[in-house]
Amino acid sequence: MQRSTNKTNAPSIESSRIAQSIGSALDRFIKNNQNQFQYASGELSQLLRDIALASKVVNREVNKAGLIDIMGPMGTQNLGGDHQQKLDVLANIRFTRALAKGGEVCALISEESDSFVDLNNEGKYVIAIDPLDGSSNIDVNVSIGTIFSIYRRKTQPGTPIQSIDILQKGSEQVAAGYVLYGSSTMLVYTTGHGVNGFTYEPSLGEYFLSHPDLKMPEGGKIYSINEGLSNAFSKPVLDYIQYCKSQNYTARYIGSLVADFHRNMLKGGIYIYPATSKDGSGKLRLMYECNALAFISEQADGMATDGKQRILDVEIKDLHQRTAFYVGSKKMVEKAMSY
Ligand code: P6P
C-alpha cells in the first residue's frame, strides 16, 4: 500500500487541528492570567489548584461509585435535614483536607458542616462549598457537581475569624466555580474576568481549556423547573410556565443543579427553583449553591435573581439560608421577573 509521505515535513492538517483543539492546561492558564487578579494572585492560583486537585480525587471516586461500597446513604443527616450520601461525606473530607493542606483558606463554609470550619491557618481566603450537589442522583448515575465561592477574609490573618469574614454577600466574591462530574468532568470558574471551562483528561490527570470565555446566549428555549411541585407554585410562576409552553420551549430538568445550569449556559435557558408553599424561601442554599452560579452567570452575560432582586445583593443572615433562584439567559430571567 502506497504510504502517503509528507514531503514538506510540516505538521499534517490533522495533527495541527488536534493541536489547536487542546487548550492550555489549567496550571498554565492560571499562571498566565494571575496578573488579572488584583489581590495576592499567587495565593488564589494555589487555591484554584487545591480545588482542582480535590476534584480529581472526587472524580475518581464518583466514577467508580458503583464498584466500591460508597454508594447510598450514610444514615446521617446534615443540618438542613438532607440525608447525607456516603459520597457527600467523602467529597467534604477531600475538599476540606486539600484546602487545609493548601494553606490559602482560613475558613470553610460547607453544606455538610453545621457551622463554619476554622482551618487554623494564616490564609487570606474563605470558601463556601457544596462538595457534592445533587447527591441523590449518585446511585442512578446522573451527573452531579461541586459548587464553590471564594471570598477574601475581612479581618487580619492570624486573628480569630469573625462573622464579617463569614457572612459575606455574593457581590463580595473574588472567585467562584463548579465542577461537573458528567459525561466528561469539567471545571468552570471565574475570577471576575469572564468565565472559562476546562475539561479533565483522566489519562493525563490534567484539566485543559476547552470552553474559553463562555457566554450565555441572551435568549433561549429551554426551561428547567420541577413541574411536579406545581401545586405548591405561586400564580406568577405558573403563568410563566404557561408562557414557556405557549412558546413551545423545551422542558429539561435533570434534578442536578450544576448539570441543568451548565446546559443552560451553553445552549441558553432558564433554571427556576422558586419559593413554594412547602419551602417559603425556596430549597436552594444561597451561600454555597446560588451565589457562585449567580456570579458565573453574570460574568457570562446572564442573570440571576431571587424573583425580586439580584442574587449577589441578597444580605446574608445565616450560613445555610435558602433562596428562590431564577438563573440563566438574561432575556428569559427578565421575562420570568415580569410575571
Ligand atoms: P427537587 C439536588 O438535591 C438539588 O439541590 C439541586 O441539585 C437540584 O436542582 C434540586 O435540588 C432538585 O430539587 O426538589 O426538584 O428534587
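The values are calculated or read from the model by the stated rules, or taken from the named source; none is laboratory data. These numbers were taken from a predicted model, which means no experiment stands behind them. All Cβ positions, glycine included, derive from the backbone under ideal geometry; neighbour counts span all protein chains shown.
Which one is nearest to GLY134 (Cα to Cα) among residues in region 257-277 that are within 14 Å of the ligand (Cβ to nearest atom) and assigned to a loop (DSSP other than H, G, I, E, B)? That would be PRO274. Only one entry in ILE254, ILE225 is within 16 Å of the ligand (Cβ to nearest atom), touching a residue at least 60 places away in the same chain (Cβ under 8 Å), touching a helix residue (DSSP H, G or I) at 6+ places or on another chain (Cβ under 7 Å) and more than 25 Å from ARG28 (Cα to Cα), namely ILE254. For ARG285, are the conditions met, namely being crowded, with 22+ Cβ neighbours inside 10 Å, over 24 Å from ASN141 (Cβ atoms) and not aliphatic (A, V, I, L, M)? So ARG285 passes the test.
Has region 234-254 got any residue that is within 15 Å of VAL195 (Cα to Cα), modelled with pLDDT of 95 or more and small (Gly, Ala, Ser)? No, because not a single residue in region 234-254 is within 15 Å of VAL195 (Cα to Cα), modelled with pLDDT of 95 or more and small (Gly, Ala, Ser). In region 62-112, the residue that is nearest to the chain's Cα centre (by Cα) out of those that are at pLDDT 85 or above and among the hydroxyl-bearing types (Ser, Thr, Tyr) is SER110.
Restricting region 113-141 to residues that are modelled with pLDDT under 90 and charged (D, E, K, R), the residue that is farthest from the ligand (Cβ to nearest atom) is ASP114. Among the residues of region 184-221, those that are free of Cβ contacts under 8 Å to residues at least 60 places away in the same chain and part of a strand (DSSP E or B) comprise GLY197, THR199, GLU201, HIS211. The set of residues from region 212-222 being within 21 Å of THR191 (Cα to Cα) and in contact with a helix residue (DSSP H, G or I) (Cβ under 8 Å, 6 or more places away or on another chain) comprises LEU214, MET216, PRO217. For VAL327, the criteria (1) within 12 Å of the ligand (Cβ to nearest atom); (2) surrounded by fewer than 24 Cβ atoms within 10 Å (Cβ to Cβ); (3) more than 25 Å from SER115 (Cβ to Cβ) hold in every case but one, which is (2). For region 173-186, the candidate set comprises residues that are touching a strand residue (DSSP E or B) at 6+ places or on another chain (Cβ under 6 Å) and over 15 Å from ALA300 (Cα atoms); within that set, the residue that is surrounded by the fewest Cβ atoms within 10 Å (Cβ to Cβ) is SER184.
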